[in-house]
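Novice: I have a structure I would like to understand better, so I am pasting it below and will then ask my questions one at a time.
The values are calculated or read from the model by the stated rules, or taken from the named source; none is laboratory data. Since we're looking at a predicted model, the values are computed, not measured. Counting neighbours? That spans all protein chains shown, and the Cβs are built from the backbone with ideal geometry, glycine included. For accessibility, only protein heavy atoms count, side chains too; no ligands or nucleic acids. Shrake-Rupley method; radii C 1.70, N 1.55, O 1.52, S 1.80 Å.
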Amino acid sequence: MTATEAYRAARDQLLALREDHGRAVAEFRWPELGDRWNWAVDWFDVVARGNHRPGLVIAEEDGSTARRSFDELAVASDRLAAHLASLGVRRGDAVVVMLDNQVELWESMLAIMKLGAVIMPTTTAVGPADLAERTARGGAAAVICNQADTGKLAEVPGDYLRVAVGGAVGGAVDGWTDLRDGYARDDGPCPHPGTAASDRLLLYFTSGTTSQPKLVEHTQASYPVGHLATMYWLGLRPGDMHLNISSPGWAKHAWSSFFAPWIAEATVAVYNYRRFDPAQLLGKLRDLAVTTFCAPPTVWRMLIKADLSDGPGRLRELVGAGEPLNPEVIHQVRRHWGLTIRDGYGQTETSAQVGNTPGQVIRPGSMGRPLPGLPVVLVDPVTGALVEGRGEGELCLDLSARPLPLMTGYVGDASRQAEATAGGWYHTGDLASRDGDGYLTYVGRTDEVFKASGYKISPFEVESVLIEHPAVAEAAVVPAPDELRLAVVKAYVSLAPGWEPIEQTALEVLRHAREHLAPWQRVRRVEFAELPKTISGKIRRVELRKREVAAAMDGPTPRLEWRDDQFLELKG
């Protein structure tokens with residue numbers, strides 16, 4: 001059996017067992033790929049050549065749409081690969097790809113893979129300082145960006161090839177060449193670069209929610225093969241129209257806008273917008289006949305505030321990812337559409353690890369069960385002992401089971417790598433609880449769970465209750481230093497449209513928390529504020545915690561903070 005045949009057999013097995021989680025976990029095995037493997041040549045080209053179904057559809061706010069068939073993507077990436085090779089890109093070279101959701105992004109990624117080079121996806125939101133760090137730490141041999149971003153590289157030192165879509169602003173600039181010149185070539189199919197499954201393919205910087213971003217290395221197998229599990233979680237089928245809300249440069253984009261859909265032979269759909277408008281997104285989902293839809297909780301929280309009365313259109317599968325999904329969001333969508341958003345869990349360092357898969361019973365608040373091929377365990381964060389059956393612990397992967405989707409490691413960071421793999425486990429840094437049926441529920445980051453009045457507080461649990469109140473668009477819960485209790489629960493709240501940051505609103509939010517949380521989880525302070533986030537959109541609770549420590553030492557009470565003891569009815 002060839003590597004392609006083994007890969008297809010593994011894929012087809014998961015498709016056949018898409019609603020039988022128990023059998024899929026028990027029977028699935030990662031495919032044996034042999035000595036030579038390159039996903040772009042051995043899988044994508046095989047399913048794409050002569051295939052005139054849409055492989056990529058990009059819809060814009062103005063109503064225009066770009067469409068490429070699978071065959072067109074294969075041919076265009078062949079030509080770009082030949083062009084990049086003529087410019088000096090070689091097997092093993094690291095190439096920064098800093099493009100928006102545009103056709104050239106997908107074609108460039110395929111082209112780089114076909115050369116056996118290494119893709120370093122980078123968000124267009126980064127500035128010169130971040131680019132200088134990334135090109136240096138990743139050892140970039142080339143950069144591909146849009147014409148409008150070439151100015152950022154003027155301040156970035158290094159001897160690397162500069163390639164822009166459209167050349168450079170103001171015309172030809174010394175040192176820049178135009179990526180689109182490659183489309184005029186006609187070199188025929190790209191030959192196999194001779195890569196092995198263990199050769200490196202991707203370099204990703206993490207979003208840095210709690211510390212300096214880490215540089216994650218993935219191989220020709222860990223993502224291209226590992227995302228078979230992600231495909232299973234998403235519930236994708238051949239011929240689906242899959243739309244994922246994600247920005248290029250982050251791992252989730254590769255998960256759900258590149259590998260998983262094309263593994264399933266589904267169409268990648270994209271909707272580009274400058275400012276998020278729930279009504280417009282709902283319209284695009286119907287216009288494009290989207291069947292499977294994945295979005296982060298921030299988007300889902302905005303959608304449930306919109307008018308969902310027109311129904312789900314062609315939607316069959318709804319998925320939430322990026323951060324834990326609050327039960328209230330799931331309830332509201334189910335009530336309006338009769339469909340259940342299925343939560344899941346994974347990291348830049350892995351594929352999807354845990355998920356609520358199609359056809360399975362959903363436990364409110366649970367992120368599901370371990371996915372096929374993922375040796376997920378819970379480990380006591382204090383003793384390091386394995387947690388059996390019901391219980392709580394750090395979510396880990398058993399390294400003795402050789403988890404295929406796991407990264408090679410953190411590049412140039414031996415101490416973090418040692419910490420992440422201590423004791424024979426890969427440590428995710430996330431706490432979860434497990435019930436008697438194996439369902440896992442997210443508790444929080446090991447460094448974000450805290451104690452107040454001696455009780456352990458999960459920020460996620462408290463935040464899930466807070467966003468049930470109509471005034472709360474988003475919430476972030478952190479400990480606030482307190483002389484009597486050492487720490488109390490404080491909520492930073494981003495208000496929904498139509499609500500004012502005034503005393504009455506604070507009273508309503510605090511009253512809601514008092515009525516729906518256990519006494520030891522009581523929110524004693526609320527502050528209305530814009531929540532600090534990473535450039536990938538994740539809330540930086542670490543910044544809020546630091547803010548609270550600083551305020552306790554030097555600062556007056558923030559102007560938009562209210563405390564429960566200010567209100568007579570909440571005292572006690």
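Novice: Quick one: in region 435-488, of everything that is of a type in the set (A, V, I, L, M) and open to solvent by 60 Å² or more (accessible area, probe 1.4 Å), which residue is nearest to the chain's Cα centre (by Cα)?
Specialist: The selected residue is Leu486.
Novice: Of everything in region 549-564, what is modelled with pLDDT of 85 or more and part of a helix (DSSP H, G or I)? Give them in sequence order.
Specialist: Asp564
Novice: Has region 256-277 got at least one residue that is surrounded by 22 or more Cβ atoms within 10 Å (Cβ to Cβ), closer than 22 Å to Glu317 by Cα, of a type in the set (A, V, I, L, M) and within 15 Å of the chain's Cα centre (by Cα)?
Specialist: Yes, because at least one residue in region 256-277 is surrounded by 22 or more Cβ atoms within 10 Å (Cβ to Cβ), closer than 22 Å to Glu317 by Cα, of a type in the set (A, V, I, L, M) and within 15 Å of the chain's Cα centre (by Cα).
Residue by residue, here is whether (1) closer than 23 Å to Ile304 by Cβ; (2) loosely packed, with under 15 Cβ neighbours inside 10 Å holds:
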residue: Glu530; (1), (2): yes, yes
residue: Thr534; (1), (2): no, no
residue: Gly537; (1), (2): yes, no
residue: Glu561; (1), (2): no, no
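Novice: Taking region 307-360 only, how many residues are among the small types (Gly, Ala, Ser), open to solvent by 30 Å² or more (accessible area, probe 1.4 Å) and at pLDDT below 90?
Specialist: 2
Novice: Here is a further query. List the pairs whose first member sits in region 20-31 and is in contact (Cβ under 8 Å) with a residue 40 or more places away in the chain, whose second member is exposed (fewer than 15 other Cβ atoms within 10 Å of the Cβ) and part of a loop (DSSP other than H, G, I, E, B), and whose Cβ atoms are under 8 Å apart, counting only residues at least 6 apart or on separate chains?
Specialist: Qualifying pairs under 8 Å: Asp20/Gly359; His21/Gly359.
Novice: Let me ask something additional. State all residues of region 132-169 that are farther than 26 Å from Tyr183 by Cα and either of a type in the set (Val, Ile, Thr) or touching a helix residue (DSSP H, G or I) at 6+ places or on another chain (Cβ under 6 Å) (or both); if no residue qualifies, say none.
Specialist: Thr135, Glu155, Val156, Gly158
Novice: Tell me, which strands (runs of 3 or more DSSP E) lie completely within region 313-362 with 2 or more residues that are more than 30 Å from Arg416 (Cα to Cα)?
Specialist: Once the strands (runs of 3 or more DSSP E) in region 313-362 are filtered for at least 2 residues that are more than 30 Å from Arg416 (Cα to Cα), what remains is 317-320, 341-346.
Novice: Quick one: in region 120-131, of everything that is surrounded by fewer than 24 Cβ atoms within 10 Å (Cβ to Cβ) and out of contact with any Asp or Glu (no Cβ under 7 Å at 6 or more places or on another chain), which residue is nearest to Ser198 (Cα to Cα)?
Specialist: The qualifying residue nearest to Ser198 (Cα to Cα) is Pro121.
Novice: Further question: Name the single residue, out of those in region 235-255 being of a type in the set (Gly, Ala, Ser), part of a loop (DSSP other than H, G, I, E, B) and under 16 Å from the mean Cα position of the chain (by Cα), that is farthest from Asp100 (Cα to Cα).
Specialist: Within region 235-255, the match that is farthest from Asp100 (Cα to Cα) is Ser246.
Novice: So, one more: Helices (runs of 4 or more DSSP H) wholly in region 1-99 with at least 2 residues that are open to solvent by 10 Å² or more (accessible area, probe 1.4 Å), among the β-branched types (Val, Ile, Thr) and over 30 Å from Gly139 (Cβ atoms) - which ones?
Specialist: Here the list reads 45-48.
Novice: Under 22 Å from Val361 (Cβ atoms), hydrophobic (A, V, I, L, M, F, W, C) and without any contact (Cβ under 8 Å) to a residue 40 or more places away in the chain: does that describe Leu303?
Specialist: no
Novice: All but one of (1) open to solvent by 10 Å² or more (accessible area, probe 1.4 Å); (2) within 29 Å of Gly320 (Cβ to Cβ); (3) at pLDDT below 90 hold for Asp398; which doesn't?
Specialist: Of (1) open to solvent by 10 Å² or more (accessible area, probe 1.4 Å); (2) within 29 Å of Gly320 (Cβ to Cβ); (3) at pLDDT below 90, only one is false for Asp398: (3).
Residues are listed down the side, and each one gets a yes or a no for (1) within 30 Å of Tyr410 (Cβ to Cβ); (2) of a type in the set (D, E, K, R); (3) without any contact (Cβ under 8 Å) to a residue 24 or more places away in the chain:
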position	(1), (2), (3)
Thr65	no, no, yes
Ala74	no, no, no
Val95	yes, no, no
Leu99	yes, no, no
Glu104	yes, yes, no
Met109	yes, no, no
Val118	yes, no, no
Asp130	yes, yes, yes
Arg134	yes, yes, no
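Novice: Looking only at region 72-84, decide whether some residue is over 17 Å from Asp186 (Cβ atoms), at pLDDT 95 or above and in contact with a His (Cβ under 9 Å, 6 or more places away or on another chain).
Specialist: Within region 72-84, not a single residue is over 17 Å from Asp186 (Cβ atoms), at pLDDT 95 or above and in contact with a His (Cβ under 9 Å, 6 or more places away or on another chain).
Novice: Wholly within region 428-530, which strands (runs of 3 or more DSSP E) include no fewer than the required count, namely at least 3 residues that are in contact (Cβ under 8 Å) with a residue 12 or more places away in the chain, touching a helix residue (DSSP H, G or I) at 6+ places or on another chain (Cβ under 9 Å) and under 21 Å from Leu570 (Cα atoms)?
Specialist: Passing ranges, in order: 472-482, 486-495, 523-528.
Novice: Moving to a separate point now. Which of (1) touching an Asp or Glu at 6+ places or on another chain (Cβ under 9 Å); (2) surrounded by fewer than 17 Cβ atoms within 10 Å (Cβ to Cβ) does Val542 not meet, given it meets every other one?
Specialist: (2)
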